[in-house]
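Everything on this sheet refers to the single structure shown next.
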Amino acid sequence: MTQVVIEVPKTAIELAKRFEGFHRVPKADPGRAHPYICPAGYWTIGYGHLCEPTHLPIAETEAEVYLAHDLQTALTATLRYCPVLATEPEGRLAAIVDFTFNLGAGRLQMSTLRRRINQRDWPGVAHELRRWIYGGGRVLPGLVTRRDVEARLLG
């Protein structure tokens with residue numbers, strides 16, 4: 001039996017880049033990102049890559065390597081917990097890969113969102129996605145927008 005290799009959807013890459021951004025490039029060191037604390041309180045660098053506060057600055061090309069690895073990890077976890085997405089339209093997979101990249105596989109694994117996905121309850125999935133808008137205990141406008149974009153990809 002051959003296993004189908006599923007690549008990270010291009011839309012997931014675009015979403016992550018759009019919503020994470022290549023952050024914290026100081027004027028004194030243009031073209032390089034420095035570690036920063038994201039709105040949820042985690043040390044991050046580049047396109048939302050978790051790091052130590054002592055991480056050395058990185059160029060955008062390095063950030064893209066981190067992003068590719070992080071999205072591959074998110075894709076693997078997404079398909080492990082939501083195997084139905086392997087046969088769904090790419091937009092649905094991209095939306096949930098972006099969610100998993102943003103919030104982590106543990107959040108997907110333990111969520112009602114996961115159950116709705118595996119039931120192919122797409123209106124329910126959209127509703128559940130829109131509940132994940134908090135960071136650091138408060139509603140983050142960027143997450144509201146991100147979840148709306150993901151929900152629209154469900155079709």
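Some observations on this one:
- Taking helices (runs of 4 or more DSSP H) as the structural unit, those lying wholly within the stretch 81-126 and holding at least 2 residues that are in contact (Cβ under 8 Å) with a residue 60 or more places away in the chain correspond to 90-103.
- Search result, residues across the stretch 50-65 that are touching a residue at least 12 places away in the same chain (Cβ under 8 Å) and within 11 Å of F22 (Cβ to Cβ): I58, A59, E60, E62, A63, E64
- Selection within the stretch 29-65 - part of a loop (DSSP other than H, G, I, E, B) and closer than 19 Å to V8 by Cα: G46, Y47, G48
- A count restricted to the stretch 10-27 and to residues that are small (G, A, S) and modelled with pLDDT of 95 or more stands at 2.
- Residue-level check: of (1) without any contact (Cβ under 8 Å) to a residue 60 or more places away in the chain; (2) within 24 Å of S111 (Cβ to Cβ); (3) not polar (S, T, N, Q), G41 misses just (1).
The values are calculated or read from the model by the stated rules, or taken from the named source; none is laboratory data. From a predicted model like this one, the values you see are computed outputs, not experimental measurements. FYI the Cβ positions are ideal-geometry reconstructions off the backbone, even for glycines, and counts take in every protein chain you see.
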